[in-house]
Amino acid sequence: MSSTDSRRSIATVCLSGTLEDKLTAAARAGFDGVEIFENDLVASSWSAKEIGEHCSELGLSIDLYQPFRDFEAVPPDVLARNLRRAELKFDVMGRLGADTMLVCSSVSPDAVDDDDLAAEQLHLLAERAAARGIRIAYEALAWGRFVNTYEHSWRIVRRAAHPALGLCLDSFHILSRGSDPAAIRTIPGEKLFFLQLADAPRLQMDVLQWSRHHRLFPGQGAFDLTAFTGHVLAAGYRGPLSLEVFNDVFRQADPGPAAVDAMRSLLGLQETLGAAGLPPAPALSGHAFAELAVDADAEVRLAEALRGLGFTETGHHRSKPVRLWRQGDARILLNSAEAPGASVAAVAVESADPVASAKRAQRLLAPILPRSHRADEADLSAIAAPDGTSVFFCRTGADTADSWLGDFTETSPEGAGAGVTGIDHLALTQPFDHFDEAALFYRAVLGLAPEPVTEFAAPFGLVRSRTVADPSGRVRIALESALLRRGDWAPGVREPQRIALTTGDALASARRMRELGAPLLEIPGNYYDDLDARLAPEPSLLAALREESVLYDRDEHGELLHFFTVVLGGRVIFEVVQRIGGYAGDGAANSPVRMAAHRRQRAAAA
Ligand code: MG
């Protein structure tokens, strides 16, 4: 049995809503089973029997009932109370149809530090459970009073030596403490009763707070869950892969999409374990085009700006109100729309096999967008990203029969341009609630690799940023989000979007674009004084950067020169970038200065 065969479960605590909402969402996303979190059951208007029946109607098994707290290593009178409590919960489990109960290590002031006593009392509990056909899965909480590592919980379970007593392994509790999970391989598989998976960002904070607020689905955080799960499977674990994620955002989010996000994370994890269930992501080789939805005013403004940036309107779509602007391999579509202003409506990537890309997306539960097209037009495969942006998979090229360019009637040849050769990356602001979901979506569905999360202090609040890119760096999408959005004071650009264009010579492009009348952003002199102090560019380079309002950054691999237009149509900004050497980032260090300059420009224009 391989990890492909593993059943997939989710704890009801991961999702928002009532138990009914959660079960419906889990079933729709394709989960095989659930962990019933006790609070969800207690608050439900359905009886335990009705919940059990409802789960089986939905095709969900109840894989775990949890949590049962503060049981072991207590004085006799407390033990008697705890056993009574357990028997009543066994009754509930019987009505539910659940056969495994999670017992987490005690945090009670009643407990004593005595492994023999803990083992003896857990043996007693397992004996009572076995009589009811129930198993006990003992879990070491990372903040357990005396038992807080899996090694310790295993010593106690081994000492108790009861067939109805085994372990629950929870990746968060183990990896948050920095325990080495490799020794899990030495535990007999039949003693591993349950596996709970959660990812998390690396944070320096109290582990209980970290766990209760910041857990993430696998692939969204910093834990190596592939290695962790690999150890558990190698030990012979045969139970479900079950998600147990406490997260402030997911607890409030619509449970439908959250359950889909959760399922996608498990499918992605199984793929990294070598499970062959998914078609591999076809190679991506660049941005085919970016499509902007524009109202009439924004279209005029965008057309002027594109002309200033050296683009030519080279064609229009044969059946839709879409105009194609080109410069080198940079292609921008302006799509006349009702929605106010301008916004990036679609991102198109060059795929070696667009149909296979779409098939993989479908397997990873990405919504497939219905496309209306005439019989003689290219059938572009399109899916919806979590924020609603369309993602197209296409192949561009004159010799390609299915090229989307064939749908455009050429109206004029491309002009001399201003040195732009292609699209370097897109930066798309995500609604905060979709930030982690979006990173996982692009990672799993498109096969892009996420770069580390960075945060910077922008003039109007902290901004979190994470870039996802293909291995060659030819497809790059920077996901950005304001960390908090509270109150009405909103002087910044609301959910800005940037289209970054590539040039081989930023200073020459900036000069030429100014001549062509591009609305470029002015950068204040303080920035260049500070740049001189920090990075000491050659004086002639510094003077040229200052003259042309071009920003500069450097890392251990190379240099970046970049500049910006003003904000167009309310939220769209063009950026022009020149990468020298292997500069890997997106110039995030310059973002606060650029954002303040945009604010000043907007205030002056108002
Ligand atoms: Mg747990």
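Just a few scattered comments:
- By the Stokes-Einstein formula, at 1.306 mPa s and 10 °C, segment 393-532 with its Kirkwood radius over alpha-carbon pairs has D equal to 86 µm²/s.
- The helix-only estimate of mean residue ellipticity at 222 nm for the chain, built from DSSP H runs of length n ≥ 4 each weighted as -39500 (n - 2.57), is -10000 deg cm²/dmol after division by the residue total.
- In plain terms, the bigger the Kirkwood radius, the slower the diffusion; for segment 284-605, with that radius from Cα pairs, at 25 °C and 0.890 mPa s, Stokes-Einstein puts D at 122 µm²/s.
- When peptides 335-341, 58-64, 191-197 are sorted by average Cβ neighbour count within 10 Å, with the highest value leading, the order is 191-197, 58-64, 335-341.
- Local electrostatic count at residue 259 - Lys and Arg +1, Asp and Glu -1, tallied over other residues with Cβ under 9 Å: +1
- Computed over the chain, relative contact order equals 10 percent, with contacts defined as Cα pairs under 8 Å that lie 6+ residues apart.
- Peptide ranges 508-516, 216-224 listed from the most packed, as the mean C-beta count within 10 angstrom indicates: 216-224, 508-516
- A viscosity of 1.306 mPa s and a temperature of 10 °C, combined with the Kirkwood radius over C-alpha pairs in the Stokes-Einstein formula, give segment 159-247 a diffusion coefficient of 118 µm²/s.
- Given charges at beta-carbon only (K, R positive; D, E negative), |dipole| of segment 83-134 in Debye: 500 debye
- For segment 441-506, projected area of the alpha-carbon convex hull averaged over all directions, nm²: 6.1 nm²
- Each Lys and Arg contributes +1 and each Asp and Glu -1, all at the Cβ; summed about the Cα centre of the chain, the dipole is approximately 300 debye.
- One Cα centroid belongs to segment 224-263, the other to segment 352-366; the line between them spans 23 Å.
- Alpha-carbon centroids, segment 561-605 and segment 122-186: separation in whole Å: 53 Å
- About its Cα centre, the dipole of segment 8-272 is roughly 220 debye, where the only charges are +1 on Lys and Arg Cβ and -1 on Asp and Glu Cβ.
- Positive-end residue of 504, 452, 232, charge dipole of the chain with Cβ unit charges: 232
- Most positive-pole-ward Cα, 142, 385, 565, against dipole of the chain from beta carbon charges: 385
- Each residue of segment 379-395 was assigned a 3J(HN,Hα) from its phi angle through the Karplus expression (A = 6.51, B = -1.76, C = 1.60, θ = phi - 60°), giving 8, 6, 7, 9, 10, 9, 6, x, 8, x, 4, 7, 10, 9, 10, 8, 10 Hz with x at Gly and Pro.
- Percent of C-alpha pairs per 20 Å bin in the chain, short distances first: 19, 44, 27, 10, 0.
Laboratory data are not the source of any read-out in this text; all were calculated from the coordinates shown. Everything quoted here is computed from the prediction, not taken from an experiment. Heads up, the Cβs are rebuilt from the backbone with ideal geometry, glycines too, and the neighbour counts pull from every protein chain shown.
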